[in-house]
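Enquirer: After the structure tokens below, expect a handful of questions from me.
The values are calculated or read from the model by the stated rules, or taken from the named source; none is laboratory data. The shown structure was predicted, so the numbers you read here are calculated from the model rather than taken from an experiment. Cβ coordinates were reconstructed from backbone atoms using ideal geometry, including for glycine residues, and neighbour counts include every protein chain displayed. Each accessible area value is taken on the protein alone, full model and side chains, heavy atoms only, with ligands, DNA and RNA left out. Shrake-Rupley method; radii C 1.70, N 1.55, O 1.52, S 1.80 Å.
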Amino acid sequence: IITDFSLYLLCCCARRTGAASYIDVVRFAFGPMAEICITGILWFFLSGVLVAFNVLLMGIFAPLARDFVTTFTSIDMTVIDEKQFDILVLLAIIVLISPLMLQKNLYALRHICYVGFTSVCVIAVSIGYRAYQRITIDIVGVIPAGLIGTDMQIKFMTDDWMDALHAFPIIVLAFMCSFNVVEVQGALENPTRERVKSVIHISVTSCFVLFQLFGLAGYFYAYDACRGNIFLNFDPSDSLIIVGRLGMGLTLMFGTPVVTLPCREACLSLISQIQSRWRDSQDSAILEKQSELDGLVDTAHTTLLNSNMDSYSSFTPGEVEIDEGICDISAGICDISAEFSNPVEEDIRQDHNMLAHVGITFMIASFAFLGAVSVPGVEFVWSILGSSLGMLIGFIIPSACYLKIRGGKGMGRNTNIGAFALLVFSILVAVACTIGGLSS
């Protein structure tokens, strides 16, 4: 419900300001400095998403690789450290997809979302069938030995509020689409207010139904033993689950370059915005000094004119011609036009751009890899991202932007009251969930 309302607030802000993106809405509401801040937040958020993707890739493919090596080779896996083997598998995956991560255009992967959606549906049905088998009877060979005999009592509500603080941010991230909704509204042929509402309602409701079925299937299969990555509850050789496992693994593999692209663009854009801001501040300082110089020049010029010094009459006051340019002494500036092109400088600039492209991509991939092998599990990453950046991007900023842009109408409107309530609620929950996630 709050995600639906937050998306509607963003669309209202975009309609009022003519903004074409999430960042444009923030800039219209709070200025250029806010644009720099939100770009940095998106960069860090997407970096965290890549860490979570790598954790999931390691959890999906490492058991399959271990089972393959055990079955088809003579290598004794008992003498190999499991954690080191998982790290090697993840490193091999990153090396495999690194050419795609370096691409500047991933238009060819635009249909990967269909593969992901199909995989989720297959997994939900497969887990649901295994859950039915689990409820009916513990089947040796189908249900892993670690789950046989575990407590199958349904827990309708948690008895520990720390669990709720840990889980709520993950639910927030499941519905995270705030930074895309403005572009979706702009892509509609007839983006009326009612049509935008209808699109938001249908999209959020459809996702809720799918996620709810998936979550219930996983819970009724493993109950309190359910892992952060549900695939870790299944045997790698489970033939019913392996199709969905491979489909989801391929989706994450190709989804990693898709997320790397906007992450890299956000980093490059952040650097460009900071440089532009620095240049503007320098230009302002120069203009301020030049205005002081103009005052001194004007004073001296007036003094010279009043003294009737005819020896200077051969020049136009304050203006001297220099080759193809004109120096305006009274303005304190000189514009000498000299157009030229230097192929060597152009090649150097292109080399620097390519070096920055490769270097930032390597930095992003390295951060994701090191983060994935350091965190205790994917649920920790999702919880921290959702409690801090997810709440900020999804609820705090949209409600604050709406109140800034439309707050002049007062608090008599229901939408303004709702935006204010969402802002207060989001801040309180973000603080509580962040503290709870870090303490756990």
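Enquirer: How many residues are of a type outside the set (V, I, T) and open to solvent by less than 10 Å² (accessible area, probe 1.4 Å) when one looks only at region 358-376? So that I can check it myself, show each step before the final result.
Expert: Going through region 358-376, the residues of a type outside the set (V, I, T) turn out to be 359, 362-363, 365-372, 374, 376.
If we keep only those that are open to solvent by less than 10 Å² (accessible area, probe 1.4 Å) as well, we get 368, 372.
Adding up the residues that qualify gives 2.
Enquirer: Given the structure, is D86 open to solvent by 30 Å² or more (accessible area, probe 1.4 Å) and not aliphatic (A, V, I, L, M)?
Expert: Working: open to solvent by 30 Å² or more (accessible area, probe 1.4 Å): no; not aliphatic (A, V, I, L, M): yes.
Against the criterion (open to solvent by 30 Å² or more (accessible area, probe 1.4 Å) and not aliphatic (A, V, I, L, M)), D86 does not qualify.
Enquirer: So, one more: How about region 97-119: which of its residues are open to solvent by 30 Å² or more (accessible area, probe 1.4 Å), touching a residue at least 12 places away in the same chain (Cβ under 8 Å) and either within 29 Å of G218 (Cβ to Cβ) or in a helix (DSSP H, G or I) (or both)?
Expert: S98, L100, L109, I112, V115, T118
Enquirer: Continuing with the same structure: Considering only region 206-230, state which residues are in a helix (DSSP H, G or I), of a type outside the set (A, V, I, L, M) and surrounded by 17 or more Cβ atoms within 10 Å (Cβ to Cβ). Give the derivation first.
Expert: Quick first cut of region 206-230, residues in a helix (DSSP H, G or I) only: 206-225, 230.
Then drop every residue that is not of a type outside the set (A, V, I, L, M), which leaves 206-208, 211-212, 214-215, 218-221, 223-224.
Residues satisfying the conditions are F214, G218, F220, Y221, Y223.
Enquirer: Another question, then. Just one of the numbered conditions (1) modelled with pLDDT under 80; (2) under 25 Å from V172 (Cβ atoms) is not true of T303; which one?
Expert: (2)
Enquirer: Here's another thing I want to ask about it. Go through region 4-54 and report how many residues are within 30 Å of T192 (Cβ to Cβ), polar (S, T, N, Q) and surrounded by fewer than 23 Cβ atoms within 10 Å (Cβ to Cβ).
Expert: Adding up the residues that qualify gives 2.
Enquirer: Right, another one. From the residues in region 187-205 that are loosely packed, with under 14 Cβ neighbours inside 10 Å and in contact (Cβ under 8 Å) with a residue 12 or more places away in the chain, which one is nearest to the chain's Cα centre (by Cα)?
Expert: Of the residues in region 187-205, the ones loosely packed, with under 14 Cβ neighbours inside 10 Å are 187-190, 192-195, 198, 201-202, 205.
Checking which are in contact (Cβ under 8 Å) with a residue 12 or more places away in the chain leaves us with 193, 201.
Values: R193: 27, H201: 23 Å.
The selected residue is H201.
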